[in-house]
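The values are calculated or read from the model by the stated rules, or taken from the named source; none is laboratory data. The structure displayed is predicted, hence computed values, not measured ones. Using ideal geometry, Cβ is built from the backbone for each residue, glycine included, and neighbour counts are taken over all protein chains shown. These area figures cover heavy atoms from the full protein model, side chains too; ligands, DNA and RNA do not enter into them. Shrake-Rupley method; radii C 1.70, N 1.55, O 1.52, S 1.80 Å.
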Amino acid sequence: MKIEARQVEAFLRKPDPKIRGVVIYGNDDGLIGERAAQLAKTVCEDLKDPFRVVDIAGDVLKGDPARLADEFGAMSLMGGRRVIRVRPAGEESTTALQNLTEAPAGDALIVVEGGNLTPRSALRALAETEPTLAALPCYMDNEAALEGLVESAARALGLSVEADALDWIVERLGGDRGQTRSEIDKLMLYKGGDSGKTITIEDATAVLGDTASIGIDDVIAATFDGEPVALDRALDRVFAEGGNPVQLVRSLQRHADQLHLVAGHAAKGGNLEGAMFKARGLPRGGPVRQRFERHLRNWPLPRLSAALTTILDAEIECKRTGQPDEAIARRLCLRLSQAARAGKARR
């Protein structure tokens, strides 16, 4: 059984009792770990309980494919339902999982952390098609999901988040759920130490500024200016300092969105200054403003529309193809940079 996105939260709170095993997979290792732990805790709150929680590595099952079925039927010495965590797991666990579906009796919950399984994966296909198994995909958070995480964490502490601060935070968070949680927790810990009830952009920059200073702005500038040499240097610096490729793709998308908003307003005969005001976080002056105006001149509306489609395709590639995210991000920047150079050559 495949768990659809709209079913995930309900399933994690209360798994279907007929499900014997759940294969959790995707390209977000942090989210896989978080959901696996959440699911396991529906059976046993203390995941360090040696009598009710068993950890097995996937490669162990290759040599002992009957073990999962045996663990499923075994009783806890101290009473209570048991949870069996299989991690890391891959195709070598498929036979063991098939044996689990054929086991005569048992009540343990098997939680398999399967990594980034492709649609051709036998392990994933088994979990999606067997009625006593479930497949739970975990892919990197999109912008709406990141906004929800930030706002949910703030509400839990009785805080609110300014709109500009929320935009700034989301732009700088990565796609990995584990890293995202860590950054949000740092921000909430910082804000919990003062009397203010609203998280401002000043609060955000004070805590997350270090993660934002890895050169993404330089990549955006070089990409939309069509400067390949500067772009190559900026990309090398970003990734050498641990930059997240999906975060970079979303930053490019945000910049293109803002340009498209202003260019579209101007194309309809609207006031350019008024349209610029709608571009959130854009300063009234200085080098960032000058760069934005320069990009507006070089990127007419049709080219911006094409750029947005190209960026969206790249984000989908990151989530679905299994190709290295860094290679996808570099290729995207190069394509946009080439479009910028071609635009300048035609002027």
Point to revise | Rel. contact order, % - alpha carbon contacts under 8 angstrom, at least six apart, the stretch 1-57 | key: 29
**Study point:** Lys, Arg +1 and Asp, Glu -1 on Cβ, resulting dipole of the stretch 102-188 about Cα centre, debye, nearest 20
**Key:** 220
Study note, to complete from the structure: Sorted by chain and number, the residues with a modelled amide H under 5 Å from that of ILE110, at a separation of 5 or more or across chains, are GLY21, VAL22, ILE84
Exercise for review: Using amide H atoms built 1.01 Å from N in the peptide plane, name the residues 5+ places from TYR25, or on other chains, whose amide H lies under 5 Å from its own.
Suggested key: GLY114, LEU136, CYS138
Review point. Given a cut-off of under 8 Å on Cα pairs at least six residues apart, what relative contact order in percent is computed for the chain?
Key: 16
Exercise for review: Using θ = phi - 60° and the Karplus relation 6.51 cos²θ - 1.76 cosθ + 1.60, list the HN-Hα couplings for the stretch 105-112 in order, rounded to whole Hz, with x at every Gly or Pro.
Suggested key: 7, x, 9, 5, 9, 9, 10, 10
Exercise for review: Give the accessible surface of the stretch 13-135 per residue, rounded to a whole number of Å², with probe radius 1.4 Å and ligands, DNA and RNA excluded.
Suggested key: 46
Review point. For helix 201-212, what angle does its Cα long axis make with the longest principal axis of the chain, in degrees from 0 to 90 and rounded to 10?
Key: 70
Review point. For the Cα atoms of the chain, what angle does the longest principal axis make with the long axis of helix 163-172, in degrees from 0 to 90, nearest 10?
Key: 70
Review point. Ignoring ligands, DNA and RNA, what percent of the 1.4 Å accessible area of the chain is carbon and sulfur?
Key: 52
Review point. Can you pull the Rg over Rh of the stretch 112-152, Cα-only, Kirkwood?
Key: 1.14
Study note, to complete from the structure: The distance between the Cα centres of the stretch 128-163 and the stretch 62-81, in whole Å, is 32
Exercise for review: Measure nothing but the geometry: give the 0 to 90° angle between the long axis through the Cα atoms of 29-40 and the longest principal axis through the Cα atoms of the chain, rounded to 10°.
Suggested key: 40
Practice item. Mind pulling up the Rg/Rh value for the stretch 26-136? Radius of gyration and Kirkwood radius, both on Cα. Key: 0.94
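Where nothing but the Cβ of Lys and Arg (+1) and of Asp and Glu (-1) is charged, how large is the charge dipole of the chain around its Cα centre, in debye to the nearest 20?
Using only the charged Cβ atoms, the result is roughly 1140 debye.
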Review point. Taking square-rooted eigenvalues a ≥ b ≥ c of the alpha carbon gyration tensor, is the stretch 181-269 rounded, prolate or oblate, where a/c under 1.5 means rounded and, failing that, a/b exceeding b/c means prolate?
Key: oblate
Practice item. Would you indicate which of (i) 22.6; (ii) 20.5; (iii) 30.5 is the value of Kirkwood radius over Cα pairs in Å derived from the coordinates of this structure? Key: (i)
Review point. How big is the shadow of the Cα convex hull of the stretch 1-42, averaged over all directions, in nm²?
Key: 2.9
Study note, to complete from the structure: The relative contact order of the stretch 72-123, taking Cα pairs under 8 Å that sit 6 or more residues apart, comes to a percentage of 51
